[in-house]
Amino acid sequence: MAVPVDDHLSARVLAFTARQLGYNIEKVGLESRLLEDLGLDGDDAGEFFQAFAQEFAVDLHDFSLSRHFGPEGIPFRVTLASLLILALAAALAALLSWWAIPFFLAALVLLLGYRYRKSQRSSPGSLRVLHLVQAATARRWVFFAD
């Protein structure tokens, strides 16, 4: 569904998004992706969309936050695996006196946890600021796929 884009409304949505996410207005464009480019995720995404719906009188009844954004923090499974790997690294370091092993493994676990978290998203397309403008124009959420 193509929704015409109003320049004045686009400017308002861009300014709102930049202000809410703490960016300079010049760093936010219509093609900016909310998750990947602007770092919107977790509880912050929920707060952002509540404020967006209120500011632009958008009905978000058909919007699914979990479809596009992950939960706050790292999943419990990843945390548990991280603790086990760190315990193994600490035991190995105690035996071999290699002080760098725990730090290396901690960084590896954090990286794997981050990649796991990003892979759990089922979003078929990235939400962009343009999608917010279209929703503000229509006054309701319509799923927009890339």
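Worth a mention:
- For residue 140, the amide hydrogen comes within under 5 Å of the amide hydrogens of 59, counting only partners 5 or more places away or on other chains and with H modelled in the peptide plane.
- Sorting 85, 25 from the fewest to the most surrounding beta carbons within 10 angstrom yields 25, 85.
- Taking 6, 37 and counting other C-beta atoms within 10 Å, the order from fewest to most: 6, 37
- Residues whose amide H comes within less than 5 Å of that of residue 128, counting only those at least five positions distant or on another chain, are 34 (H built at 1.01 Å from N in the peptide plane).
- Most tightly packed first, judged by the mean number of other beta-carbon atoms within 10 Å of their residues, the peptides 126-139, 55-68 read 126-139, 55-68.
Coordinate-derived values only; no laboratory data. No experiment lies behind these values; they were computed from the predicted model shown. Positions of Cβ are backbone-derived with ideal geometry, glycine not excepted, and every protein chain shown enters the neighbour counts.
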